1. Sort through Val158, Val150 and tell me the only one that's within 21 Å of Ala65 (Cα to Cα), touching a residue at least 40 places away in the same chain (Cβ under 8 Å) and of a type in the set (Val, Ile, Thr).
2. Is it the case that the range 198-214 has a residue that's part of a strand (DSSP E or B) and in contact with a helix residue (DSSP H, G or I) (Cβ under 9 Å, 6 or more places away or on another chain)?
3. Quick one: is Arg72 touching a strand residue (DSSP E or B) at 6+ places or on another chain (Cβ under 9 Å), among the charged types (D, E, K, R) and either part of a helix (DSSP H, G or I) or more than 21 Å from Ile152 (Cβ to Cβ) (or both)?
4. Mind listing just one residue for me: the one in the range 75-97 that is assigned to a helix (DSSP H, G or I) and not hydrophobic (A, V, I, L, M, F, W, C) and, of those, surrounded by the most Cβ atoms within 10 Å (Cβ to Cβ)?
5. Quick test for you: out of Ser231, Ser213, pick the one residue that is small (Gly, Ala, Ser) and at pLDDT below 95.
6. When you scan the range 46-54, do you find a residue that is within 23 Å of Thr170 (Cβ to Cβ) and assigned by TED's automatic domain parsing to the domain that holds Gly142, even just one?
7. Determine if the range 140-158 includes at least one residue that is small (Gly, Ala, Ser), crowded, with 18+ Cβ neighbours inside 10 Å and not assigned by TED's automatic domain parsing to the domain that holds Leu74.
8. Being surrounded by 16 or more Cβ atoms within 10 Å (Cβ to Cβ), over 29 Å from Leu61 (Cβ atoms) and small (Gly, Ala, Ser) is the requirement here; does Ser175 meet it?
Amino acid sequence: MIRTAASRRYVLHLHHGYSTAGSCIVRAFRTSTVRLDQRAIVYSKNGDPSSVLSAVSFPDLPPPAPRTANVRFLLSPINPADINVIEGVYPSRPSPSTDLSSDASAVFVAGNEGVAEVLSVGNGITHLKEKDWVVMTKPQMGTWASSRNVRIEDVLKVDSSGLSAAHAATLTVNSPTAYNMLHDVVQLKEGDWVVQNGANSAVGQAVIQIAASKGVRTINFIRDRQVRSMSA
C-alpha cells in the first residue's frame, strides 16, 4: 500500500526477488518509506518492475480546468494485477502522460485503485468540494502518485465518515467482483449454499461478507500462501 499524507509521503520501492521450490516461483516485493514532494511512480516501457519503474518529481498542479478536480492520493494499493500491467501481460493498460517528465516524453503512471482527497475543483462542479474523498471509476488512472488532475466523470465521491481510508482505497475492484459473482451468475436466495476456493483472498473475503448479509451460507476452501519444498 502506498500512503500519502500532508506531512509525509510514501512512495513505492520494489525489490524483485525469485525463489523456487519445485515448479513454484515466488516474486517478492517490498515497500520503503521516503519523505518527498510531488512524485509519481512511472515507466516508459513494459518489463520487470524492478527494472522499468522509476520515481519522478513534478511541480504542484495548476488550478483545475472546468469539470476537472485536483486530488491528493491518501492510499493506493499494490495489487498483483498492477504488476501484470507493468509487465505488459494484462489486457487493461494506462494512457500515456506527457506532463510528468522534464522532456515531455510519454510515460505511464502506475496504479489502478486508490482513494484521494479533493484539493480544488474547476468550474461546473457542484457536488464535490475541498476535502471530499473520491475513488477512481476509470481503470488505470495512475494512482501511484502524490496528486493528479482528474475528470469529474472518472471519480466517485465516497462517504469518508463511514469508511476507513484502507477500505475506500480497495473498494473498486475486489468487492464489485464478489458482488457480481453472487448476483449475476445465478439467482441466490436465503438459505442457499455457495462453495468457493481462494476464500482467503480479498475477493473471497468479500464473498463471505456479502453472502452473509443475504442469508446465503458459504463453504470456503483456502490456499496455503507458504511455498513448501517438494520431494520425490
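The values are calculated or read from the model by the stated rules, or taken from the named source; none is laboratory data. Since this is a predicted model, take the numbers as computed values, not measurements. Glycine also receives a Cβ, built like all others from the backbone with ideal geometry; neighbour counts cover every protein chain displayed.
1. Checking each option against the conditions leaves just Val150.
2. Of all residues in the range 198-214, those part of a strand (DSSP E or B) come to none.
Scanning the range 198-214, I find no residue that is part of a strand (DSSP E or B) and in contact with a helix residue (DSSP H, G or I) (Cβ under 9 Å, 6 or more places away or on another chain), so the answer is no.
3. Criteria not met by Arg72.
4. Ranking the qualifying residues of the range 75-97, first place goes to Asp82.
5. Matching residue, one of Ser231, Ser213: Ser231.
6. Yes; the residues of the range 46-54 include at least one that is within 23 Å of Thr170 (Cβ to Cβ) and assigned by TED's automatic domain parsing to the domain that holds Gly142.
7. No; the residues of the range 140-158 include none that is small (Gly, Ala, Ser), crowded, with 18+ Cβ neighbours inside 10 Å and not assigned by TED's automatic domain parsing to the domain that holds Leu74.
8. Yes.
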